[in-house]
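Written out below as structure tokens is the structure these notes cover.
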Amino acid sequence: MDRRKFSRDLSENRIELIEQGTFDKIIFLEELDLGLNRIELLQAGLFKNLNDLGTVSLSHNAIQGLPEDVFRNLHLLKELELAGNKFTTVPSRSFRFIKGLDTL
């Protein structure tokens, strides 16, 4: 089976909402850039099928908090960019599933 990995750059698209199920049928995604948008809320389970993600950028949005299991299946995640958001609180449990995170 050919397992080509790829990336998606969705930055600077004025995205405000990512609906549940948006990424459900995407496989082999290694990098996802959602930076410089207008995202305020990340739904629990949003990234549940993106098991190959190594890098996620959510920087420079309007995110105020993180659901506890938003990163549940991202076991290969090494880099997570969250700078430039409007966090008020972030539960430490939000990161409990990410074991190999190098950069936050």
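The values are calculated or read from the model by the stated rules, or taken from the named source; none is laboratory data. As the structure is a prediction and not an experimental result, all values here were calculated from the model. Glycine gets a Cβ as well: all are built from the backbone with ideal geometry, and neighbour counts include every protein chain shown.
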### Query
Looking at 30, 19, which one is at pLDDT below 95, out of contact with any Cys (no Cβ under 7 Å at 6 or more places or on another chain) and either surrounded by fewer than 19 Cβ atoms within 10 Å (Cβ to Cβ) or not in a loop (DSSP other than H, G, I, E, B) (or both)?
19
### Task
Quick one: in the range 1-12, of everything that is in a loop (DSSP other than H, G, I, E, B) and not hydrophobic (A, V, I, L, M, F, W, C), which residue is nearest to the chain's Cα centre (by Cα)?
11
### Task
Would you mind finding the one in 15, 63 that is more than 15 Å from residue 104 (Cα to Cα), over 13 Å from the mean Cα position of the chain (by Cα) and aliphatic (A, V, I, L, M)?
15
### Residue match in the range 77-90 (condition: surrounded by fewer than 17 Cβ atoms within 10 Å (Cβ to Cβ) and within 18 Å of residue 5 (Cβ to Cβ))
yes
### Query
Regarding residue 59, is this residue surrounded by 14 or more Cβ atoms within 10 Å (Cβ to Cβ), part of a loop (DSSP other than H, G, I, E, B) and of a type in the set (Ser, Thr, Tyr)?
yes
## Note on the structure
Per the filter on the range 27-71, residues more than 18 Å from residue 92 (Cα to Cα), of a type in the set (Val, Ile, Thr) and out of contact with any strand residue (DSSP E or B) (no Cβ under 8 Å at 6 or more places or on another chain) are 27, 39
#### Entry: In the range 1-26, residue farthest from residue 69 (Cα to Cα) [restricted to those that are touching a strand residue (DSSP E or B) at 6+ places or on another chain (Cβ under 7 Å) and basic (Lys, Arg)]
5
### Query
Among (1) at pLDDT 90 or above; (2) surrounded by 14 or more Cβ atoms within 10 Å (Cβ to Cβ); (3) not hydrophobic (A, V, I, L, M, F, W, C), which single condition is residue 45 missing?
(1)
### Hits in the range 84-104 - residues which are more than 12 Å from the chain's Cα centre (by Cα), within 18 Å of residue 41 (Cβ to Cβ) and not charged (D, E, K, R)
84, 85, 87, 88, 89, 90, 91
### Top-ranked residue of the range 33-42 - restricted to ones that are farther than 12 Å from residue 71 by Cβ and assigned to a loop (DSSP other than H, G, I, E, B), ranked as modelled with the lowest pLDDT
41
### Message
Kindly evaluate residue 52 against the criterion of being part of a loop (DSSP other than H, G, I, E, B) and either at positive phi or surrounded by fewer than 17 Cβ atoms within 10 Å (Cβ to Cβ) (or both).
### Response
no
